[in-house]
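Written below as structure tokens is the structure these notes are about.
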Protein chains: 2
Amino acid sequence: MAGIKDVALGAGVSVATVSRALSGNGKVSASTRAKVQRAAEELGYVVSFNASSLASGRSRNIGVVVPTVGRWFFSTVLEGITNELIEAGYDLTLYNTGGQDQHRESVFGDLLLRKRLDGVITLTLKLQPHEVQQLASVGKPVVAIGGLIPDIDTIRVDDFNLASMATEHLVGLGHREIAYLGGTEEFEVDFKLASARQDGYEYALDQANLPVRPEWLLTADFTIQGGYRKVRNVMAAPRRQPTAVVCASDEMAFGAILAARDLGLSVPGDLSVVGIDGHDLGELFGLTTIAQDARGQGASAVRKVLQLLGERELDRDPTRGFFPTEFVARTSTAAPRA
Amino acid sequence: MAGIKDVALGAGVSVATVSRALSGNGKVSASTRAKVQRAAEELGYVVSFNASSLASGRSRNIGVVVPTVGRWFFSTVLEGITNELIEAGYDLTLYNTGGQDQHRESVFGDLLLRKRLDGVITLTLKLQPHEVQQLASVGKPVVAIGGLIPDIDTIRVDDFNLASMATEHLVGLGHREIAYLGGTEEFEVDFKLASARQDGYEYALDQANLPVRPEWLLTADFTIQGGYRKVRNVMAAPRRQPTAVVCASDEMAFGAILAARDLGLSVPGDLSVVGIDGHDLGELFGLTTIAQDARGQGASAVRKVLQLLGERELDRDPTRGFFPTEFVARTSTAAPRA
DNA sequence: CCTAAACATGTAATCGCTTCCACAATGGGG
DNA sequence: CCCCATTGTGGAAGCGATTACATGTTTAGG
């Protein structure tokens, strides 16, 4: 429980000097600094974060708000964030709303505001106007990943283009009966993105002079199970069936592949499947997908926040515009059977 | 930026009374409390965590150390933790060592010690003796999930029994050629558990008078891909093949199932697969498994910490002994082909 | 109706650090 | 050789709460 005073005593200097020596702010002679460091070492002293924060107004702590950590995208982004943050010597306070409104309220109503954070990163949460305002009122840097939030720095991929590219890929292979598997309304609230993807899909269809069939606009909850169920239903039905499906997430695409297999259909023979994400399992499933670098987005968000905090040079604009994505061709797509 | 003084002014009372009224500690008349609350409300006042922590010595903040958030078990436990913590009004500071030693060092060397936390929960990290000591030296409650750590409260399942049950299940079905898919050395460091599972497997084999074949002691990294690769190799080899495999995690079991399918083998016809975990995808894959309630373990760890902090009654011992598990029979296991 | 216990509230010390300001020592230019 | 700009250090005022202690008020029992 050694405090700064003990170190000051041990080193034979004032607490002010200890503070300066250890934090690197202000001038201290090399010899004094060494003395102080030795004393601190011996006493096993580490600054009290609370006291330091209170006095300086900076907490070296970033808040991260997520709707869940169970989905690939979120856990992967989170890995990217933790990694980058730890290297900068920052702590991370995690707020997992878990899709529960009441938790959401306490997060935005209280937790975020308690002045413990230097900045906030939100992961594809569609924020309510009053929530945006609450965030803004704190006067701390806020960076969003995924969602499109007015007046807030955002790191995101070009959902519209992504989906339209994926669709064009299928069109290019000769498919004319292409379904789309997006997110349900319910999920749109938290994961605002799918509508842009659906728009991209419809746009690509339009460009190819193909009709958008409402019965092929499928929705699920972004999970493997959800994708499985929906695709299985459609492919098992006695009505006209698509020869390909564009999935708004890789996980749903995996579900689609598994569903097809279970029905005895071959992928890509009977059904081509393309996803969006770049999930680690993509290779195993041979999934053609549009990969986004989720880790990178997390890291990028951190850098952005640190920049806003003045910790970093203002890199000339690494994140204005869209985060890059990459088309990855594998074996889940092919020309439709003649 | 309203401070407690502003509220005091607004309510026409002293700061001491405001503190008491808002925190609930100490006596305050109902009318005064109401006045204070109104004033606080109007000013949009929320206490400064830092100041409060500094003064009281309590931070309402729990540290959670994980090796990764990308694996099902960890993300699920984490969900359980966040959920329970948010309800208790606690913050959670996440330390993700990400398997990188250097991060691990900074976590244990610095971050955890900065007196910002009231308690710590570690997720199946095999702690080095000096790390345990560092944790202990902080004098704050520490609860571990998964690992078996000397002198630290631990929440865990009975790995030995789990694995032996899984194995016995297969033996009971008539299998005599049973492989085991566990974790690699490398992963044992962080996820200390698999050796107990392997012991259970060997024990069950022993009991059934079956030999333990070294060539069927498979190891992977606890991922689907890892399981896939290993099982595929074994089942594709021209040598004698197992009719069943016990997997130390459901994710590896999924890999096993996918591998078998890709080889044209039927599950459970040609290969019975049993997992350990209770992964959400188990149902989709029809995986027979021994389910552990990961969320529950997270929640339980939180309750334990809060108890240790005196926030909760000391429930008569909900966690001494093992966390319960449940055998879930599905369709991935059956008697071997005659 | 009196007194002691219970209650309500204010005063002020304290938590452990950061940082402004003052002051002394050092050193280079005129 | 003197003066002023630097540089290094200490003193002390906060930062925004909590809480022990003191003080003034009720309330209830006798």
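Here are the numbers for this structure:
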{"quantity": "Residue that is farthest from the other protein chains (Cβ to nearest Cβ), among those in segment A:1-22 that are more than 10 Å from DNA strand D (Cβ to nearest atom) and free of Cβ contacts under 8 Å to residues at least 24 places away in the same chain", "calculated": "A:Leu9"}
{"quantity": "Looking only at segment B:74-83, and only at residues there that are out of contact with any His (no Cβ under 8 Å at 6 or more places or on another chain) and at the interface with chain A (Cβ under 7 Å from one of its Cβ atoms), the one that is farthest from B:Thr124 (Cα to Cα)", "calculated": "B:Thr82"}
{"quantity": "Residues located in segment A:10-29, provided they are assigned to a helix (DSSP H, G or I) and away from DNA strand C (no atom under 11 Å from the Cβ)", "calculated": "A:Gly10, A:Ala11"}
{"quantity": "Selection from segment A:43-99 of residues that are away from DNA strand C (no atom under 16 Å from the Cβ) and acidic (Asp, Glu)", "calculated": "A:Glu79, A:Glu84, A:Glu87"}
{"quantity": "Those residues of segment B:249-276 which are among the aliphatic types (A, V, I, L, M) and at pLDDT below 95, in sequence order", "calculated": "B:Val267"}
{"quantity": "In segment A:30-69, the residues that are at the interface with chain B (Cβ under 8 Å from one of its Cβ atoms), open to solvent by less than 50 Å² (accessible area, probe 1.4 Å) and part of a loop (DSSP other than H, G, I, E, B)", "calculated": "A:Val46, A:Ser48, A:Ser59, A:Thr68, A:Val69"}
{"quantity": "Hits in segment A:202-216 (condition: in contact with a helix residue (DSSP H, G or I) (Cβ under 8 Å, 6 or more places away or on another chain) and at pLDDT 95 or above)", "calculated": "A:Tyr203, A:Ala204, A:Leu205, A:Gln207, A:Ala208, A:Leu210, A:Pro211, A:Val212"}
{"quantity": "Failed item, numbered, when A:Lys35 is tested on (1) under 29 Å from A:Thr154 (Cα atoms); (2) more than 14 Å from DNA strand C (Cβ to nearest atom)", "calculated": "(1)"}
{"quantity": "Strands (runs of 3 or more DSSP E) wholly inside segment A:84-172 that include at least 1 residues being within 12 Å of chain B (Cβ to nearest Cβ) and open to solvent by less than 10 Å² (accessible area, probe 1.4 Å)", "calculated": "A:91-96"}
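The values are calculated or read from the model by the stated rules, or taken from the named source; none is laboratory data. Keep in mind it's a predicted model, so treat the numbers as computed, not measured. Cβ: placed from backbone, ideal geometry, glycine included. Neighbour counts: every protein chain shown. Note: areas computed on protein heavy atoms with side chains; ligands, DNA, RNA excluded. Shrake-Rupley method; radii C 1.70, N 1.55, O 1.52, S 1.80 Å.
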